[in-house]
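Engineer: Here it is, the structure in full.
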Amino acid sequence: MLQLLNTPTMRREPSRLANGPIVHATELIDRYPNLSEVELARLINLFSELSALDVALMISDKNLGPNLDRFRADHQSQLMTPFRQYAVLVAIAVSGIFLIAWSVAFVQ
């Protein structure tokens, strides 16, 4: 955990570090799988708030990496992005393509 918190990225944002989800998630991952049901639910919720950089730093930590891998394998279905979020992105893309096609066809 100390190695993760001593990275240059974390030192630049002390207020984020003190209150951010990375600290809580790191503490919970460090103790995984020895978590209560409440702590496990909190970790699952926190995981969605972590940035890709936070997750990468946790994976690269030799102490946290194995626990994080196990946590992700055990709770993969709960950590996946819901399909409705992808559906919104697809709808926006299709709308954009339709708008461009319409403007090319009718605005000349």
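The values are calculated or read from the model by the stated rules, or taken from the named source; none is laboratory data. What you are looking at is a predicted structure, and each value in this text was computed from that prediction instead of being measured. Using ideal geometry, Cβ is built from the backbone for each residue, glycine included, and neighbour counts are taken over all protein chains shown.
Engineer: Which residue is farthest from Asp74 (Cα to Cα), if the candidates are limited to the stretch 36-62 and must be buried (at least 17 other Cβ atoms within 10 Å of the Cβ) and of a type in the set (A, V, I, L, M)?
Structural biologist: Leu57
Engineer: Now for a different question. So which residues in the stretch 27-41 are among the acidic types (Asp, Glu) and over 21 Å from Asp54 (Cα atoms)?
Structural biologist: Correct list: Glu37 only.
Engineer: A follow-up question, please. Of a type outside the set (A, V, I, L, M, F, W, C), surrounded by fewer than 16 Cβ atoms within 10 Å (Cβ to Cβ) and at pLDDT below 80: which single residue out of Pro14, Pro33 fits that description?
Structural biologist: Among Pro14, Pro33, only Pro14 is of a type outside the set (A, V, I, L, M, F, W, C), surrounded by fewer than 16 Cβ atoms within 10 Å (Cβ to Cβ) and at pLDDT below 80.
Engineer: Next question. Based on this model, can you work out whether Ser95 counts as of a type in the set (S, T, N, Q) and modelled with pLDDT of 90 or more?
Structural biologist: Spelling it out, Ser95 is indeed of a type in the set (S, T, N, Q) and modelled with pLDDT of 90 or more.
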